[in-house]
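Notes follow the structure.
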Amino acid sequence: MASRIIIFDDNQERLSSVSMLLNLSDGFVCSGTFPNANNLLANITESKPDLVLMDIDMPGTNGIDATILIRRHFGALPVLIQTNFEEDERIFGSLQAGANGYLLKKTSPERFIESLREALEGGAPMTGSIATKVLRYFSSEATTKKDYHLTEREKHILGFLVKGYSYKLIAAECDIAYNTVNNHIRNIYDKLYVNSATEAVSLAIRERLV
């Protein structure tokens, strides 16, 4: 069954192009496009999405506030923030609000679709330049390192997650099977006491685990 994706963006051309890309991509269907998030709760309830693509800048309810509402009312429903900007305040505001990932709108169609699949599988996709900013931000924070008993392989894979690599790319870099990556990441979640890649990445950066 195709994954249902909805899009919030005040740029009509962007709405149309992303909607078309989704409908032409295997395993996806666009089940709703909205020029703002002012009726967010009703829009989500009616369209029953598996993932939300959220523009960060819209008239009325902005993408960060919309993400906070989604977390409050729809729990773990994946949200990917899309923007033209790489400003630190926007990036960290989005992640703190509970976004599952942060993608620049200039991301290639291939990487964009791969990021959707990754987010639906529990990953935390980020454009490479965004991941670098996150690393720099948290590396400046004073932290106390704890021992989570991660193996060297698990630390290696966690490092790739922090850099925004997809599961597929991690498998290629480590020369292991995709399912093996999934198994390692589940073990990482257990050891870090987290439930998602977003939480794992946040903890890893905050406590300098990689």
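Pairing residues of the stretch 145-174 that are open to solvent by less than 20 Å² (accessible area, probe 1.4 Å) with residues that are among the polar types (S, T, N, Q) and at pLDDT 90 or above, at Cβ distances under 7 Å and at least 6 apart in sequence or on separate chains, gives Glu154/Asn187; Tyr167/Asn182. One residue stands out in the stretch 14-65 among those that are acidic (Asp, Glu) and either open to solvent by 20 Å² or more (accessible area, probe 1.4 Å) or assigned to a loop (DSSP other than H, G, I, E, B) (or both): the one that is modelled with the lowest pLDDT, namely Asp57. Among the residues that make up the stretch 168-177, is at least one of them within 17 Å of Ser94 (Cβ to Cβ) and either modelled with pLDDT of 80 or more or assigned by the TED database to the domain that holds Leu51 (or both)? So far as the stretch 168-177 goes, no, none of its residues is within 17 Å of Ser94 (Cβ to Cβ) and either modelled with pLDDT of 80 or more or assigned by the TED database to the domain that holds Leu51 (or both).
Residues checked against (1) in the same structural domain as Glu121 (by the TED database); (2) within 22 Å of Arg117 (Cα to Cα); (3) in a helix (DSSP H, G or I):
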{"residue": "Asp147", "(1), (2), (3)": "no, no, no"}
{"residue": "Ile157", "(1), (2), (3)": "no, yes, yes"}
{"residue": "Phe160", "(1), (2), (3)": "no, yes, yes"}
{"residue": "Tyr165", "(1), (2), (3)": "no, yes, no"}
{"residue": "Val181", "(1), (2), (3)": "no, yes, yes"}
{"residue": "Arg186", "(1), (2), (3)": "no, yes, yes"}
{"residue": "Tyr189", "(1), (2), (3)": "no, yes, yes"}
{"residue": "Glu199", "(1), (2), (3)": "no, yes, yes"}
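The values are calculated or read from the model by the stated rules, or taken from the named source; none is laboratory data. All of these numbers come straight from a predicted model, not from anything done at the bench. Please note: Cβ atoms are built from the backbone with ideal geometry, for glycine as well, and neighbour counts cover all protein chains shown. With ligands, DNA and RNA removed, areas are computed over all heavy atoms of the protein, side chains included. Shrake-Rupley method; radii C 1.70, N 1.55, O 1.52, S 1.80 Å.
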